[in-house]
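Following: one structure in structure tokens, then a few remarks.
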Amino acid sequence: MIKSDDNLLPPKLAVEIAGIKFKNPVMPASGTFGYGEEYAPYLDLNQLGAVVTKGLSLHPKAGNNTPRTCETVSGMLNAIGLQNVGVDAFIRDKMPFLEQFKTPVIVNFFGNTQDEYGEVAARLDDVPGVAALEMNISCPNVKHGGIVFGTDPKAAFAAVSLVRKRTTKPLIVKLTPNVTDIQITARAAEDAGADVLSLINTLTGMAVDVKTRKPRLANTIGGLSGPAIRPIAVRLVHQVVQAVQIPVIGIGGISRAMDALEFLIVGARAVQVGTANFVDPNAMAVIIAGLEEFCREEGIADINDLIGTLEL
């Protein structure tokens with residue numbers, strides 16, 4: 001093992017994805033970082049590779065009834081219900097704050113219909129400071145019996161194809177793990193024009209209060225996240241990297257630099273950190289510092305040299 005040397009240049013952590021240059025491969029997962037403003041008192045947003053916003057819809061959304069979160073073993077369940085201010089309020093009230101930073105802004109968005117997806121993307125297309133869009137396809141298609149776009153490859157292809165026509169910005173498609181074969185959905189999104197894939201979104205779960213005999217979430221079912229899901233996420237990222245030609249961003253249970261490194265080694269070009277932000281608002285800064293320390297100790301001059309180096 002090559003030990004660090006203070007006289008050597010620091011390792012390079014910068015990565016490039018879909019033509020966007022990130023100072024490092026670490027960014028928040030949508031829905032865990034608000035609109036960036038909420039974490040600014042605790043974390044310098046200029047340290048991050050990117051800021052990923054809470055998901056936006058065409059109109060404001062109140063979300064589900066409470067309780068909407070609960071702790072689980074090594075994780076948490078949430079059923080927030082995609083509460084957000086709506087795309088127009090975001091552009092007017094939230095984006096000016098984010099523009100003061102040098103960090104790329106990735107805007108997550110969703111819709112209940114293909115047309116809603118397309119309209120939100122179109123409204124964000126010429127907004128200054130928005131580096132890329134992240135399309136959450138883990139939403140029900142209300143015109144077709146509530147089938148989630150991301151669990152039906154044909155529906156995913158159609159929705160991504162429409163959005164691709166409505167925006168010129170780099171398009172990241174966020175995949176759900178709640179499918180039989182994620183590679184099929186990944187290829188459908190790639191064929192439809194996605195520039196990047198991000199995965200995984202939360203796994204479907206449920207918890208029960210044994211004393212009241214009632215679900216611990218008002219919505220009954222929620223999304224499971226946190227360290228408990230990381231091995232599943234690493235496996236799915238590995239499989240998707242093998243199936244597509246476009247870059248992949250890894251998500252799922254990352255709370256330490258070593259966790260992030262697993263995703264990078266299996267081929268992810270960047271990572272998103274979610275639940276760990278609730279435990280420690282400074283978690284991403286700690287992970288970034290840990291990546292630099294690991295590269296120093298291992299004699300790795302550029303973190304890109306580590307990406308995709310899994311030995312089988």
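Here are the numbers for the structure shown:
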| quantity | calculated |
| --- | --- |
| Furthest towards positive pole of dipole, Ile307, Ala131, Gln114, structure part the chain, Cβ charges | Gln114 |
| 0 to 90° range, to nearest 10: angle between helix 230-243 axis and the chain longest Cα axis | 90 degrees |
| Calculated from backbone phi, Karplus (6.51, -1.76, 1.60) coupling profile of the range 180-187 in Hz, x at Gly/Pro | 6, 9, 5, 5, 5, 5, 4, 5 |
| Once exposed loop GluC sites (Glu not before Pro) are cut out (DSSP; at most 16 other Cβ, 10 Å), longest piece of the chain | 100-310 |
| Anchor Lys23: aspartates and glutamates whose Cα lies under 18 Å away (excluding residues fewer than 8 positions away in-chain) | Asp44, Glu99, Glu292, Glu293, Asp302, Asp305 |
| Hull shadow area, averaged, the range 1-117 [alpha-carbon convex hull, nm²] | 11.6 nm² |
| Base-10 log of normalised Debye intensity for the range 149-268 (one unit scatterer per alpha-carbon) at q = 0.12, 0.19 Å⁻¹ | -0.49, -0.98 |
| Surrounding net charge for Ala121, when Lys and Arg each add one and Asp and Glu each subtract one, Cβ distance under 12 Å | -1 |
| Angle between the chain longest axis and helix 114-124 axis [Cα atoms, degrees, rounded to 10] | 50 degrees |
| Positive-end residue, the chain charge dipole about Cα centroid, Cβ charges, pick of Pro25, Phe278, Ala14 | Phe278 |
| Dipole magnitude of the range 204-312 about its Cα centre (Cβ charges: Lys, Arg +1; Asp, Glu -1), debye to nearest 20 | 900 debye |
| Principal semi-axes in Å for the range 15-305 [√(5λ), Cα gyration tensor, largest first] | 25, 23, 20 |
| Charge context of Phe157, other residues only, Cβ under 14 angstrom, K/R +1, D/E -1 | +1 |
| Net +/- balance of residues flanking Leu45 in space, Cβ distance below 12 Å, scoring K and R +1, D and E -1 | -2 |
| Choice from Leu224, Leu43, Leu291 showing the highest fluctuation, given a GNM over the chain with Cα pairs closer than 10 Å | Leu43 |
| Distant-in-sequence amide H partners of Cys139 (H built 1.01 Å from N, under 5 Å) | Phe149, Gly150 |
| Radius of gyration and Dmax over the Cα atoms of the range 49-114, both given in Å | 14.2, 40 |
| Of the trypsin sites (Lys or Arg not before Pro) in the range 98-199, those whose Cβ has at most 12 other Cβ within 10 Å and which sit in DSSP loop | Lys102 |
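We did not get these values from a lab; they are worked out from the coordinates using the rules stated. Fair warning: this is a prediction, and the values are worked out from it, not measured in the lab. Heads up, the Cβs are rebuilt from the backbone with ideal geometry, glycines too, and the neighbour counts pull from every protein chain shown.
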